[in-house]
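The values are calculated or read from the model by the stated rules, or taken from the named source; none is laboratory data. Everything numeric in this text was worked out from a predicted model, so none of it was measured. Cβ: placed from backbone, ideal geometry, glycine included. Neighbour counts: every protein chain shown.
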Amino acid sequence: MVKGTVLELRRGRNLPAIDRQLAKAVESSQAPAISRAVAVLRLLGSRDEPLGVNSIARELGIAPSSCLYVLRALLAEELVSFDSETKRYSQEVGVLTLARQWLRRDRFAELAQPAMDQISRDFRVTVAGMHIVGLQHIVAVAASQSRSGVQLSIQIGSRFPALISATGRCVAAFGGHSEAELATRFQGLRWDEPLTFDRWMAQVAQTRVQGYAVDEGNYMSGLTVLGAPVWTRGKLSHALVAVGLGGAIKRGNSSRLSKTLVSTAKALTAQLHGEIEPR
């Protein structure tokens, strides 16, 4: 084990697919100005480094002149910032004002954080709270980083495909989606260690029976991810996720960890005034 190594589990590993989705959304939108502005904000939010107008326009498939118009409007609203020396743009603090009301309304992160911190300390794993947006995406809204030698970092605000990893198996098992819908979405997923749709569906069925999901190195090789579903008013809304090196989780009693995740997820469901079990 290498001390101090940090592995980041972020949407960066799926950036090409995300960029194509953004470009497609812009092209098919019936409100192109709004769609372009949202696409620009999402693209900038997905990158660690600022981007120039030509790079943004190229990746989103829009004309540089139109892109510049959108950027100037976002700049005036303090949603993006502009570096006059590098001629590049990045997200600005104004995006927080857009999220403020949502943060007030969704109590999951506030309620989950103490329990997540406790699980992270007890099992030396990274724990995340994922918000589920239908079959589109899952978004990290809370995180507690592992204190082990190899740190697995999940950044709040990171977006992932809805059906990926352990959370995706929970979405498939408890989200009420048809097998045809799942098959269509599954085809676009990217795995370090791919598995067939039939095998994945068998794991989804197992998730439905045992009440939690496991991804053993499929999403990211060498990592084991456990996920337990959380409901709000009878609807699948979040997942509580634990991530660790595969060997470490097996040595550290994965059965006890899964039971802790499930019991914590059920407690959160009760606190959120949802149903402890789906109807």
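Assorted remarks:
- Criterion: over 24 Å from VAL241 (Cα atoms), of a type in the set (Lys, Arg) and surrounded by 14 or more Cβ atoms within 10 Å (Cβ to Cβ) - qualifying residue of ARG107, ARG58, ARG124: ARG58
- Going through (1) touching a strand residue (DSSP E or B) at 6+ places or on another chain (Cβ under 6 Å); (2) modelled with pLDDT of 90 or more one by one, ALA76 falls short only on (1).
- Condition broken by LEU74, with the remaining ones in (1) under 15 Å from PRO50 (Cβ atoms); (2) not small (Gly, Ala, Ser); (3) not in a helix (DSSP H, G or I) satisfied: (3)
- Among the criteria (1) among the aliphatic types (A, V, I, L, M); (2) farther than 20 Å from ILE34 by Cα; (3) without any contact (Cβ under 8 Å) to a residue 40 or more places away in the chain; (4) out of contact with any His (no Cβ under 8 Å at 6 or more places or on another chain), the one LEU74 does not fulfil is (2).
- Cβ-Cβ distances below 7 Å connect the following pairs, each with a first residue in the stretch 143-159 that is within 15 Å of VAL241 (Cβ to Cβ), a second residue that is modelled with pLDDT of 85 or more and in a loop (DSSP other than H, G, I, E, B), and a separation of six or more residues or different chains: SER146/ARG124; SER146/VAL125; SER153/GLN145.
- Among the residues of the stretch 37-57, none qualifies, meaning not one is modelled with pLDDT under 90 and farther than 30 Å from GLY227 by Cβ.
- Residues in the stretch 260-273 include none that are more than 17 Å from ALA112 (Cβ to Cβ) and either out of contact with any helix residue (DSSP H, G or I) (no Cβ under 8 Å at 6 or more places or on another chain) or outside any strand (DSSP E or B) (or both).
- Test: residue in the stretch 155-162 that is among the basic types (Lys, Arg) and either part of a loop (DSSP other than H, G, I, E, B) or surrounded by 21 or more Cβ atoms within 10 Å (Cβ to Cβ) (or both): no
- Those residues of the stretch 167-217 which are under 16 Å from the mean Cα position of the chain (by Cα), buried (at least 20 other Cβ atoms within 10 Å of the Cβ) and part of a loop (DSSP other than H, G, I, E, B), in sequence order: LEU189
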